[in-house]
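Enquirer: Starting off with a structure, shown below.
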Amino acid sequence: MNNDAAELNNKLKEIAGHRPLVILGVGSELRGDDAWPFHLINAFKGLSLPQVSFIWGSTLPESYIKPIVKTKPSAVLVCDSAHLDVKPGALRFFDTADIAPEGPLSHRMSLRSLALMLEERAECKVYFLLMQPRNLEFGEALSAEAENSLNGLINTLKSLLK
């Protein structure tokens, strides 16, 4: 899916309208740009947002299926890094059908399988927000591109989720 800034904001607005909403961060906080969802989830720690849950799924997001289902979400937004063949830091939205059964991601269960399970068990819509990484090296910090995109996303979500 090719998202420009206006499309991204419209999609974020649509997703932010769902309640209860779960935002699930996936990846490794130790591998460069793969850590952007970790930083996203941490940016919302301690904030009380009505009917919005933030979960850091790390590299085993399937471990959080039961807790997510218990919240009875209207929607789940899964955030991760993926090779999208776009510029580093670019964010793209995808639906479950757009995600390959075995994607180039950093965890055991494919995100598509996770999404299908959540859609079935929680009877909710699952969205994916993926970022093109510049660097996935162990021990590296976020790239400037990932950090810029992350900061913009945090600011947008803070205003939309109030």
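Enquirer: Only one of these is touching a residue at least 12 places away in the same chain (Cβ under 8 Å), not in a helix (DSSP H, G or I) and not hydrophobic (A, V, I, L, M, F, W, C): LYS45, LYS13, LYS72. Name it.
Expert: Answer to the check: LYS72.
Enquirer: Please work out which residue is surrounded by the fewest Cβ atoms within 10 Å (Cβ to Cβ), limiting yourself to region 113-148 and to residues that are among the hydrophobic types (A, V, I, L, M, F, W, C) and part of a helix (DSSP H, G or I).
Expert: ALA144
Enquirer: Got a number for residues in region 59-91 being among the β-branched types (Val, Ile, Thr), modelled with pLDDT under 95 and touching a Leu at 6+ places or on another chain (Cβ under 8 Å)?
Expert: Count: 0.
Enquirer: Which of the numbered conditions does ASN151 fail, given that it passes all the others? Conditions: (1) part of a helix (DSSP H, G or I); (2) modelled with pLDDT under 95; (3) of a type outside the set (Asp, Glu); (4) surrounded by fewer than 17 Cβ atoms within 10 Å (Cβ to Cβ).
Expert: That leaves (2) as the condition not met.
Enquirer: Return the only residue of ASP95, ASP80, ASP85 being closer than 23 Å to SER143 by Cα, touching a helix residue (DSSP H, G or I) at 6+ places or on another chain (Cβ under 9 Å) and among the acidic types (Asp, Glu).
Expert: ASP80
The values are calculated or read from the model by the stated rules, or taken from the named source; none is laboratory data. Remember, predicted model here, so these are calculated numbers, not experimental data. Note: ideal-geometry Cβ built from the backbone for every residue, glycine included; neighbour counts use all protein chains shown.
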